[in-house]
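One structure is given below, encoded as structure tokens.
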Amino acid sequence: MNGIGLCAVFSRQGDWAFDYALSLARHHKTKLNIFHFLESPYMLRRDVVFVDAEKKETTIVNPDFIAKKDKEMREKYDDRLGDYVEVGFRLCEGNDELELRKCFKKGDYEILVIGYNEKGASFGGTTTIEEFCKKFKGPVILVGPESPDSFYVNDAAAKRLGDLLLENGGWKRIEN
């Protein structure tokens, strides 16, 4: 196993996805790569991003801002990682879809886990989370939105249920 990717979503479902991704990484004794995307009010332009969760205040991206956000991300997960040190953090400024595909092709991870906040949620600014997952070439597992043991998988993930520790049911296929 090359690694587990986690698309960090700062929500209850994101926490559930983190717990599941960490358990997969521990089980397979592989690296957990945590990706967090800075959100921008613009589709193409990523040099301006939101500062707050309410998406009311923006700032221009500069090295100090990147360092601050990177530190916040590491602090959020540090305690929950416990003694697990095979972890990589990546603060991404680009488009979610393109960055995740590029990192998958490079071999940064083999399985992608994402918190499933709600059905039909926007993903990457150009599609829904379900459409992204269905088109993604590698295994994707959505955790939520109902509970921490609610798993939705794409076709590639359905072929690897044993690797995902989901072979005894408890999962559904991702639908539109």
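The values are calculated or read from the model by the stated rules, or taken from the named source; none is laboratory data. Since the structure is predicted, the reported quantities are computational estimates derived from the model, not experimental observations. Glycine also receives a Cβ, built like all others from the backbone with ideal geometry; neighbour counts cover every protein chain displayed. Surface areas here come from the heavy atoms of the whole protein model, side chains and all, with no ligands, DNA or RNA. Shrake-Rupley method; radii C 1.70, N 1.55, O 1.52, S 1.80 Å.
Assorted remarks:
- Close amide-amide hydrogen proximity is noted between Phe89 and Ile34, each under 5 Å apart and 5 or more residues distant or on a separate chain (H modeled in the peptide plane; Pro and chain starts excluded).
- Selected from Lys56, Lys69, Lys105 as most flexible by GNM, with the chain as the system and alpha-carbon contacts under 10 Å: Lys56
- Test item: Cα-centred dipole of segment 46-157, Lys/Arg +1 and Asp/Glu -1 on Cβ, debye: 420
- Sorting Glu175, Glu72 on solvent-accessible area from highest to lowest, probe radius 1.4 Å, gives Glu175, Glu72.
- Note, ³J(HN,Hα) from phi for segment 58-65, Karplus 6.51, -1.76, 1.60, rounded to Hz, x at Gly and Pro: 10, 8, 7, 6, 9, x, 5, 5
- Nonlocal amide H pairs with Ser40, under 5 Å, H built at 1.01 Å: Phe50
- Lys68 - accessible surface, heavy atoms, 1.4 Å probe, Å² rounded to 10: 100
- Estimated 222 nm signal from helices in the chain, with DSSP H stretches of n ≥ 4 weighted -39500 (n - 2.57), rounded to 500: -10000 deg cm²/dmol
- 21 Å Cα-Cα threshold exceeded, pairs from Lys76/Lys102; Lys105/Lys135; Lys135/Lys159; Lys102/Lys172; Lys105/Lys159: Lys76/Lys102; Lys102/Lys172
- Relative contact order, whole percent, for segment 3-173 stands at 25, derived from Cα pairs under 8 Å and 6 or more residues apart.
- Residues Thr127, Thr30, Thr58, ordered by accessible area of protein heavy atoms at a 1.4 angstrom probe radius and largest first, appear as Thr58, Thr127, Thr30.
- Max mean-square fluctuation residue, GNM over the chain, Cα-Cα springs under 10 Å, options Ala25, Ala158, Ala67: Ala67
- q = 0.10, 0.16 Å⁻¹, segment 3-173: log10 I(q)/I(0) [Debye, one scatterer per Cα]: -0.36, -0.95
- Between the alpha-carbon centres of segment 1-76 and segment 99-176 there is a gap of 16 Å.
- Nearest-10 value in Å² for the accessible area of Phe10, using the 1.4 Å probe: 100
- Using alpha carbons only, the radius of gyration of segment 91-158 set against its Kirkwood radius gives Rg/Rh = 0.95.
- Here segment 119-176 is described by how far its Cα atoms reach on the three principal axes: 34, 25, 14 Å, from widest to narrowest.
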